[in-house]
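Peer 1: Okay, handing you the structure first.
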Amino acid sequence: MRSSLFPKRYSLLKAFVFLFLVLSTLLRLIFFFWNFPEVDAHIGALLKTLTIGFLFDLGTLSIFLLPFLIYLLLVPKKWYGSIPDRIITWFGFFLALVIIFFSFFGEFTFWEEFQRRYNFIAVDYLIYTYEVVKNINESYPLPLLLGSLLSLVALVLYVVHRSGYFKRTFQNDTMFKQRFIASLPWLAIAIVFGFFITNDQAEWSKNRYNNELSKAGIYSFFAAFRNNELAYSEFYATLPKKEAFKMVREQYTPLADSFKHKDGEDILRTIHSNDTSTTEFHPNIIFICIESLSGKFMGGLGGDQNITPILDSIANKSLFFSNLFATGTRTVRGMEAITLSVPPTPGRSIVKRKNNTGLFTIGEVFKRKGYDRNFFYGGDGYFDNMNTFFGGNGFNIVDRGRGFLLDKDITVARTNIEDEEVTFENAWGVCDEDVYAKVLKEADKASQTGKPFFDFVMTTSNHKPFTYPEGKIDIPSGTGRNGAVKYTDYAIGAFLKEVSTRSWFKNTIFVIMSDHCASSAGKWELDVANYHIPALIYNLPDMPAKNITTLCSQIDVFPTLFATLGWEYESNLFGMDILHMNPASERALIGNYRKLGYMKDGKVLVLGDGETVNFYEWNSEDNSLQIKPIEESYKKIAISNYQVADELYHNGGLQLKNLNK
């Protein structure tokens, strides 16, 4: 073994490979038992998971160690043990240890929240270091963790040094030929994994946990970095373009919408009022987008913990959509669905992509009806590209600015949440009460102008580290998700109580909806129950409260609001009026960055990269998916929605400048 893969000059390489494989296998086994019994624990499944994981670990090692391998290969024998050689070798080995131990501990926190190996979310976290580092510091004993990490690195360095690995690396007679032969297998593996192996090839099982455990964390991270946007037409099942557009447009036939272009490859149309006897109503609209509020938290949706008494009470006085599903698993995906009213497309949300400004959004509908549009966020809207997206689409910005300026071509107003307006703040921003206080302050000013306003308010308190002002609720701050949910609920109640004293209250409608669920974890390709979110429209005049059980999507809420206001308007939105959907029109669109689901009639069709198509029956009682033979008509309508959404984005079909031609 020493003379082939690991000659003496490669002694440190051998030590590192052994340590990496031990840590990686240990991590895989911990996660395996962490998610028992949801993971497939049959002996064959376990062995296959470990075997595929081992192969991906080798691929990760071959790429990760490539710089050091090339260094060992090219440095001539006469330089062995020289001062530069010792400095480079010691520093390189130290850095490699820091990285793998950091990755090892980091995967625990990432798995705890997402039940996945590193993905594009981890890539995003590298960009927004302020929020992420502060959140980690507030959620975990960071000095202890860093101290433990460095202690482990020091311990390994000591053991490796005492075991003679450094001595053998510096004092040996290994010739170039031996080094070259030893390097060939690693170089070959690096080439194979770098150019011919993709991360999704680790996904061999119908159980999502087994698929995730078959991957390697570091390899998954770089795969996500390379593939944060996937062109639908290249990786997913498609239809002829004309057929796809025809099927999407036919969805709106029962709604009597008038398309601007007959048989066109677009969805631009005029939405007509369902009640021509009434005049249009233009109230103020305050939309509260609640961070991570799963449907299961609400008593009205089956929750039994009594942590949303305010929302449950409001729901009984509202149009309450009890069978509504989020399109994704992240805030920016929820923002995309709500503002653009578009199905999720592969990869990251449009909010974070290029060409995400000057689009047809719900804000454009409000603008044409004479509204001012404002985006409120308790943190710095630089995070997740929110300010660029909202500002670039005509929303004034109100946020907790920390020095990041708006792009120079964005000319909207920006108002800061000042220090004296803050009573409590954590890594993600000010507490919900503080952001609502700012909304009230700005709304009071706006009400004096006589011009209606639309406020998009993004909350932050229901997010790890789950901290909030003490003494507001009966659950101590920082003790977990339930406390954050109950505080979120309390803050909404306090806000509405204060709003009700304003003269403009009767002329204001409140839309409340979650951005996504608190968790998307599950063993299925798409865990359907973890897309179920609450949504309601409150304070609608002359509209009786009602529990709407129609199967619908996040993308439908604002088209439904516009219908209740009697608006006729030009639309480039995919969403429909939920109140006038017929049973054949009911559907929900759910997805993550790679899997796209179309849900209808208790069935779910899942489109995956590699042009995979799986069809399931969904059991809502136990949230299980039972594989079924594919129904061709179901498959076509699912494909058409996602294909057309991707086509419109990539070919400028969402851009206002192109729609106005």
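Read-outs: derived from the displayed coordinates by stated rules, not from any lab. Because the structure is predicted, anything quoted here is derived from the model rather than measured. Neighbour counts are summed over all protein chains in view; Cβ atoms, including those assigned to glycine, are modelled from backbone coordinates with ideal geometry.
Peer 1: Sorted from largest down, give the three principal axis spans of the alpha carbons of segment 407-482, whole angstrom values.
Peer 2: So the three principal-axis extents are 42, 30, 22 Å.
Peer 1: Another one. I'd like the GluC sites (Glu not before Pro) in segment 475-584 restricted to DSSP loop residues with at most 16 other Cβ atoms within 10 Å, sorted by number. Numbers along the way, then the final one.
Peer 2: Working: sites: Glu498, Glu525, Glu568, Glu570; in loops: Glu525, Glu568.
Those satisfying the criteria are Glu568.
Peer 1: Where a ≥ b ≥ c are the square roots of the eigenvalues of the C-alpha gyration tensor, would you call segment 104-204 rounded, which needs a/c under 1.5, or, failing that, prolate if a/b is larger than b/c, or oblate? All intermediate terms of the calculation are to be shown ahead of the outcome.
Peer 2: On the way: a/c = 3.09, a/b = 1.36, b/c = 2.27.
Taking the square roots of the gyration eigenvalues as a ≥ b ≥ c, segment 104-204 is oblate.
Peer 1: Given N residues in segment 1-121, what is Rg(Cα) / (2.2 N^0.38 Å)? All intermediate terms of the calculation are to be shown ahead of the outcome.
Peer 2: Values: Rg = 17.4 Å, N = 121, 2.2 N^0.38 = 13.6 Å.
Its radius of gyration relative to the 2.2 N^0.38 Å reference: 1.28.
Peer 1: Given points 7 Å out from each Cα along the Cα-Cβ axis, report the Leu405 to Leu66 separation in nanometres with one decimal.
Peer 2: Rounded to a tenth, the inter-label distance reads 3.8 nm.
Peer 1: If you don't mind, another one. Scan (i) 27.4, 95; (ii) 25.6, 77; (iii) 26.2, 90 for the value of Rg and Dmax of the Cα atoms in Å calculated from this model and give just the label.
Peer 2: Comparing each candidate, only (i) matches the computed number.
Peer 1: Please sort by residue number the chymotrypsin sites (Phe, Trp or Tyr not before Pro) in segment 183-292 whose DSSP state is loop and whose Cβ has at most 11 other Cβ atoms within 10 Å. It would help to have the intermediate numbers written out before the result.
Peer 2: Numbers: sites: Trp186, Phe193, Phe195, Phe196, Trp204, Tyr209, Tyr219, Phe221, Phe222, Phe225, Tyr232, Phe235, Tyr236, Phe245, Tyr252, Phe259, Phe281, Phe287; in loops: Phe196, Trp204, Tyr236, Tyr252, Phe281.
Those satisfying the criteria are Phe196.
Peer 1: Follow-up. Return the FRET efficiency for the residue pair Lys369, Leu74: r is the Cβ-Cβ distance, R0 is 56 Å, and the value is rounded to the nearest 0.05. Provide the component values of the computation, followed by the final result.
Peer 2: Details: r = 68 Å, r/R0 = 1.21.
Result of the calculation: an efficiency of 0.25.
Peer 1: Taking every pair of alpha-carbon atoms in segment 474-542, what share in percent sits in each 10 Å bin, from 0 to the bin with the longest distance?
Peer 2: With a bin width of 10 Å, the distribution comes to 16, 34, 30, 16, 4, 0.
Peer 1: Sticking with this structure for a sec: Just need the relative contact order of segment 462-542 here, percent rounded to a whole number, with Cα pairs under 8 Å and 6+ apart.
Peer 2: Relative contact order comes out at 21 percent.
Peer 1: Given +1 on the Cβ of Lys and Arg, -1 on the Cβ of Asp and Glu, and no further charges, what dipole in debye does segment 550-621 carry about its Cα centre, rounded to the nearest 20?
Peer 2: The dipole of segment 550-621 has a size of about 200 debye.
Peer 1: In whole angstrom, how far apart do the alpha carbon centroids of segment 302-335 and segment 612-644 sit?
Peer 2: After rounding, the separation between the Cα centres reads 25 Å.
Peer 1: Projected onto the charge dipole of segment 208-317 (+1 at Lys/Arg Cβ, -1 at Asp/Glu Cβ, origin at the Cα centre), which of Ser214, Gln251, Phe297 gives the Cα projection farthest towards the positive end?
Peer 2: Comparing the listed Cα positions along the dipole, Ser214 ranks first.
Peer 1: Can I ask one more? Pulled fully out, how much extra length does the chain show between Ser273 and Asp173, if you take 0.36 nm times their separation in residues and subtract their Cα-Cα distance?
Peer 2: 27.4 nm
Peer 1: List the relative contact order of segment 468-613 as a percent without decimals, with contacts defined as Cα pairs under 8 Å and 6+ residues apart.
Peer 2: On the way: 145 pairs, mean separation 21.0, N = 146.
It rounds to 14 percent for segment 468-613.
Peer 1: Given Asn619, His580, Gly652, which one lies farthest toward the positive end of the charge dipole of segment 532-661, if we put +1 on the Cβ of every Lys and Arg and -1 on the Cβ of every Asp and Glu?
Peer 2: Gly652
Peer 1: Putting +1 on Lys and Arg Cβ atoms and -1 on Asp and Glu Cβ atoms, find which of Phe16, Leu149, Gly106 reaches farthest to the positive end of the dipole of segment 1-149.
Peer 2: Result: Phe16, furthest along the dipole toward the positive end.
Peer 1: Shifting gears a bit: What is the distance in Å between the Cα centroid of segment 373-399 and that of segment 152-204?
Peer 2: 47
Peer 1: Oh, and also: When DSSP assigns beta bridges and you keep just the ones with both residues in the chain, what percent turn out antiparallel, to the nearest 5? Spell out each step's value before the answer.
Peer 2: On the way: 36 of 65 bridges.
Expressed as a percentage, antiparallel bridges in the chain total about 55.
Peer 1: Follow-up question, since we're still on this one. Mind checking the full-extension length gain between Lys661 and Glu617? Use 0.36 nm per residue of separation minus the Cα-Cα distance, one decimal, nm.
Peer 2: Numbers: separation 44, 0.36 × 44 = 15.84 nm, distance 4.39 nm.
My answer for the length gained is 11.5 nm.
Peer 1: Continuing with this model, one more query. Total Lys pairs in segment 403-480 closer than 30 Å by alpha-carbon, pairs eight or more apart in sequence or interchain only?
Peer 2: The number of close lysine pairs in segment 403-480 is 12.
Peer 1: While we're looking at this one, here's another question. Run the simple label-point estimate for Ile30 and Ser503 please: 7 Å along Cα→C-beta, distance reported in nm.
Peer 2: That separation, rounded to one decimal, is 6.2 nm.
Peer 1: So what is the relative contact order of the chain, in percent, for Cα pairs below 8 Å that sit 6 or more residues apart? Write down the numbers at each step before the final one.
Peer 2: Working: 1158 pairs, mean separation 127.3, N = 661.
Computed value for the chain: 19 percent relative contact order.
Peer 1: Just to verify a number: FRET efficiency for Lys246 and Lys628, C-beta to C-beta distance, R0 = 30 Å, to 0.05?
Peer 2: On the way: r = 26 Å, r/R0 = 0.87.
FRET efficiency, Lys246 to Lys628: 0.70.
Peer 1: Same structure again: Decide, for segment 210-359, between rounded, prolate and oblate: order the square roots of the alpha carbon gyration tensor eigenvalues as a ≥ b ≥ c, take rounded if a/c falls under 1.5, and otherwise choose prolate if a/b is larger than b/c, else oblate.
Peer 2: oblate
Peer 1: By its C-alpha gyration tensor, with a ≥ b ≥ c as the square roots of the eigenvalues, how is segment 131-184 shaped: rounded for a/c under 1.5, else prolate for a/b larger than b/c, else oblate?
Peer 2: Numbers: a/c = 6.68, a/b = 2.38, b/c = 2.81.
Oblate is the answer for segment 131-184, as a/c is 1.5 or above yet b/c matches or exceeds a/b.
Peer 1: With runs of 4+ DSSP H residues as the only contributors, calculate the mean residue ellipticity of the chain at 222 nm using -39,500 (n - 2.57) per run, divided by the residue total and rounded to the nearest 500. Please list the in-between numbers first.
Peer 2: Details: 22 runs with 280 residues, N = 661.
Only helices count here, giving -13500 deg cm²/dmol.
Peer 1: Shifting gears a bit: May I ask for the distance between the Cα centers of segment 411-484 and segment 1-69, given as a whole number of Å?
Peer 2: What the calculation gives is 46 Å, centre to centre.
Peer 1: Moving on to the next point. Taking the Cα centre of the chain as origin, sum charge times position over the Cβ atoms of Lys and Arg (+1) and Asp and Glu (-1), and report the length of that vector in debye to the nearest 20. Intermediate values should be presented prior to the final figure.
Peer 2: Numbers: 67 positive and 69 negative charges, 580 e Å.
Computed charge dipole of the chain: roughly 2780 debye.
Peer 1: Continuing with this model, one more query. Charges only on Cβ, +1 for Lys and Arg, -1 for Asp and Glu: so what's the dipole of segment 355-494 about the Cα centre, in debye to the nearest 20? Before the final figure, lay out each step's value.
Peer 2: Working: 16 positive and 21 negative charges, 106 e Å.
Dipole of segment 355-494, to the nearest 20 debye: 500 debye.
Peer 1: Would you please name the GluC sites (Glu not before Pro) within segment 412-448 that are DSSP coil residues with at most 11 other C-beta atoms within 10 Å of their C-beta?
Peer 2: Numbers: sites: Glu418, Glu420, Glu421, Glu425, Glu433, Glu442; in loops: Glu418.
Those that pass, being in a loop and sparsely packed, are Glu418.
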